[in-house]
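The values are calculated or read from the model by the stated rules, or taken from the named source; none is laboratory data. No experiment lies behind these values; they were computed from the predicted model shown. Ideal geometry is used to build each Cβ from the backbone, glycine not excepted, and the neighbour counts take in all protein chains shown. Remember, those area values only see protein heavy atoms, side chains included, never the ligands or the DNA or RNA. Shrake-Rupley method; radii C 1.70, N 1.55, O 1.52, S 1.80 Å.
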Amino acid sequence: MNITDFSLDLFSLAGRRAIVTGGNRGLGQGFALALAKAGADVFVPGLHDDDGETAELVRAEGVRYAELAVDITVPGTPRTAVARCVEELGGVDILVNSAGISRIADVVEFGREQWDPMVAVNLTGAFEMSHEAAKAMIPQGSGKIINIASLFAFLGGLGSPAYAATKHGIAGLTRAYADELGGYGIQVNAIAPGYFKTSITEETRSDPERNRRIIDHTPAARWGDIADLMGATVFLASRASDFVNGHVLTVDGGYLVR
């Protein structure tokens, strides 16, 4: 592409079909809405019921929305989810692996009871969804897979070794898939959010000492709003990022520079 060929139309997702795991709440809902605002149809597989809020938000953008109540940690379910997206929307062009859970405990208290479900959701679920989506994307010679990592893909895991381990794993999975799928016209990248205002972080934000420690460590001097992630999502899902592959993009208000 020549510089004269560049256009803001490259950021449009009109006609694209996107799967967003965990898209019914929190950051996932923001990813789903960002893609819808850019013109993509959205399919959400997951367990959480938001009383139709995500469907309403997405359809208000004039695009199609479909969902499927499934547990992506059950073997074979990711295949069903991708097949249903193809059936409902006609194909799959974008996958956002945003389903995730967190468990907090001191290291001596953190056992398999906490470890196993986090690995199943945060890492194995993303792997199986990517595996199935890739099989649908390879024949068409294009596709975008966006994994959701974390600052803990770069840091230690105080209070949650499984969370840190799975997010380090997501970074590795991103690079491995990017290496193999790049030749098929598929880009695989990750977004690593910093500290954001969600229900998961409510307890931390309500603790004055912990809240102040995070804000003081963040050059932006605030917690992130979900809207702060939407631009990065559209960029990595669009043709504007066709030469970006295997990258973990931090959206953290500068947290990692301190």
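Below are the figures for this structure:
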{"quantity": "Checking residue 14 against (1) open to solvent by less than 20 Å² (accessible area, probe 1.4 Å); (2) part of a loop (DSSP other than H, G, I, E, B), the condition it does not meet", "calculated": "(1)"}
{"quantity": "Scan of region 171-204 for residues that are outside any helix (DSSP H, G or I), within 12 Å of residue 134 (Cβ to Cβ) and touching a Phe, Trp or Tyr at 6+ places or on another chain (Cβ under 9 Å), ordered by number", "calculated": "186, 187, 188"}
{"quantity": "Residues (surrounded by 17 or more Cβ atoms within 10 Å (Cβ to Cβ) and closer than 28 Å to residue 142 by Cβ) located in region 176-209", "calculated": "177, 178, 181, 186, 187, 188, 189, 190, 191, 192, 193"}
{"quantity": "The listed residue being within 22 Å of residue 105 (Cβ to Cβ) and either at pLDDT below 95 or of a type in the set (D, E, K, R) (or both), out of 200, 214", "calculated": "200"}
{"quantity": "Pair list, Cβ < 8 Å and 6+ apart or interchain, from region 180-205 residues that are closer than 14 Å to residue 151 by Cα to residues that are open to solvent by 80 Å² or more (accessible area, probe 1.4 Å) and at pLDDT 95 or above", "calculated": "190/247; 192/154"}
{"quantity": "Selection from region 38-57 of residues that are assigned to a strand (DSSP E or B) and either open to solvent by 60 Å² or more (accessible area, probe 1.4 Å) or modelled with pLDDT of 95 or more (or both)", "calculated": "41, 42, 43, 44, 45"}
{"quantity": "Meets criteria (charged (D, E, K, R) and touching a Phe, Trp or Tyr at 6+ places or on another chain (Cβ under 7 Å)) for residue 59", "calculated": "yes"}
{"quantity": "Single residue of region 243-258 satisfying the filter (in contact with a Gly (Cβ under 7 Å, 6 or more places away or on another chain) and part of a loop (DSSP other than H, G, I, E, B)) that is most open to solvent (accessible area, probe 1.4 Å)", "calculated": "245"}
{"quantity": "Residue among 132, 113, 128 that alone is more than 21 Å from residue 171 (Cα to Cα) and either modelled with pLDDT of 95 or more or open to solvent by 50 Å² or more (accessible area, probe 1.4 Å) (or both)", "calculated": "113"}
{"quantity": "Search result, residues across region 223-242 that are outside any strand (DSSP E or B), more than 15 Å from the chain's Cα centre (by Cα) and either surrounded by 13 or more Cβ atoms within 10 Å (Cβ to Cβ) or touching a residue at least 40 places away in the same chain (Cβ under 8 Å) (or both)", "calculated": "223, 239, 240, 241, 242"}
{"quantity": "Filtered residues of region 23-37 (kept if in a loop (DSSP other than H, G, I, E, B) and over 14 Å from residue 65 (Cα atoms))", "calculated": "25"}
{"quantity": "Meets criteria (over 20 Å from residue 25 (Cβ atoms) and either part of a loop (DSSP other than H, G, I, E, B) or in contact with an Asp or Glu (Cβ under 7 Å, 6 or more places away or on another chain) (or both)) for residue 103", "calculated": "no"}
{"quantity": "Pairs with Cβ under 9 Å, 6+ apart, first in region 114-140 and farther than 15 Å from residue 92 by Cβ, second open to solvent by 50 Å² or more (accessible area, probe 1.4 Å) and basic (Lys, Arg)", "calculated": "114/103; 115/103; 117/103; 118/103"}
